[in-house]
Amino acid sequence: MVSRLIFSAAILFSVFGFAQNTVLMGGKPVHTYSKLPAVNKAAPRFTLTDVTMKDQTLDSYKGKYVILNIFPSVDTGVCSASVHHFNEDAGNIPNTVVLCISKDLPFAQKRFCGAEGIKNVVMLSDFRSDFGKTYGVEVTDSVMKGLLSRAVVVIDPSGKIIYEEQVADISHEPNYEAAIAAVKK
């Protein structure tokens, strides 16, 4: 009876898109809540907190290309590098906004941007929302449990996803050039 219930639950999770996704962290497998939303689909709506503690939604950026730079914590080398890279290379692309999203508190994000001279991206915190589950990037096990995996999603001005990358190993940087090329097509 119990095994039948477990099997039924597994079927329901996979049918409704709740199947975990496996990525690596330093070469070791960890799991995320599910897979990223698919290309050519409408981007799921979200509400995140900016560095002034105000809510920001996807609709706040309607009519622009939106690059979601998703990562575990701005206080790690690879995450910091991704913010710097997008700040320099994508932050000035016309009609484009880069949203750097992590579970870091807005205070830490603000401190980081001030100390590092980051001015061309928008820092947003997932500390009180369900973004990680909605986008499938919340880590569900390991020492990283509860943080976000490393991913990039590009959304066009109509709200459709035109590019996504779930970085295979969280300890590696994303493919910046591919994300930026998706905006410039």
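The values are calculated or read from the model by the stated rules, or taken from the named source; none is laboratory data. The model shown is predicted, which means the values in this text are computed figures rather than measured ones. No Cβ is skipped: glycine too gets one built from the backbone with ideal geometry, and neighbour counts run over all protein chains shown. Quick note on the areas: whole protein, heavy atoms, side chains included, nothing else; ligands and nucleic acids left out. Shrake-Rupley method; radii C 1.70, N 1.55, O 1.52, S 1.80 Å.
Computed values, structure above
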read-out	value
Members of region 69-90 that are part of a loop (DSSP other than H, G, I, E, B) and buried (at least 19 other Cβ atoms within 10 Å of the Cβ)	Phe71, Pro72, Val74, Ala90
Pair list, Cβ under 7 Å, 6 or more apart: region 19-47 residue under 22 Å from Ser129 (Cα atoms) and at pLDDT below 95, other residue among the small types (Gly, Ala, Ser) and open to solvent by 20 Å² or more (accessible area, probe 1.4 Å)	Val30/Ser142; Ser34/Gly17; Ser34/Ala19
Residue list for region 91-108, restricted to those being touching a Gly at 6+ places or on another chain (Cβ under 9 Å) and open to solvent by 10 Å² or more (accessible area, probe 1.4 Å)	Asn95, Val97, Lys103
Top-ranked residue in region 139-183 [being in contact with a strand residue (DSSP E or B) (Cβ under 9 Å, 6 or more places away or on another chain) and charged (D, E, K, R); ranked as surrounded by the most Cβ atoms within 10 Å (Cβ to Cβ)]	Arg150
In region 153-181, the residues that are closer than 13 Å to Ala90 by Cα and of a type in the set (A, V, I, L, M, F, W, C)	Val154, Ala178, Ala179, Ile180, Ala181
Unmet criterion (only one of (1) closer than 19 Å to Ile162 by Cα; (2) surrounded by 13 or more Cβ atoms within 10 Å (Cβ to Cβ); (3) more than 12 Å from the chain's Cα centre (by Cα)) for Lys62	(2)
Filtered residue count, region 49-66, keeping only those that are under 14 Å from Ile101 (Cα atoms), part of a strand (DSSP E or B) and touching a helix residue (DSSP H, G or I) at 6+ places or on another chain (Cβ under 6 Å)	1
Search result, residues across region 130-156 that are over 13 Å from the mean Cα position of the chain (by Cα) and among the hydroxyl-bearing types (Ser, Thr, Tyr)	Thr140, Ser142
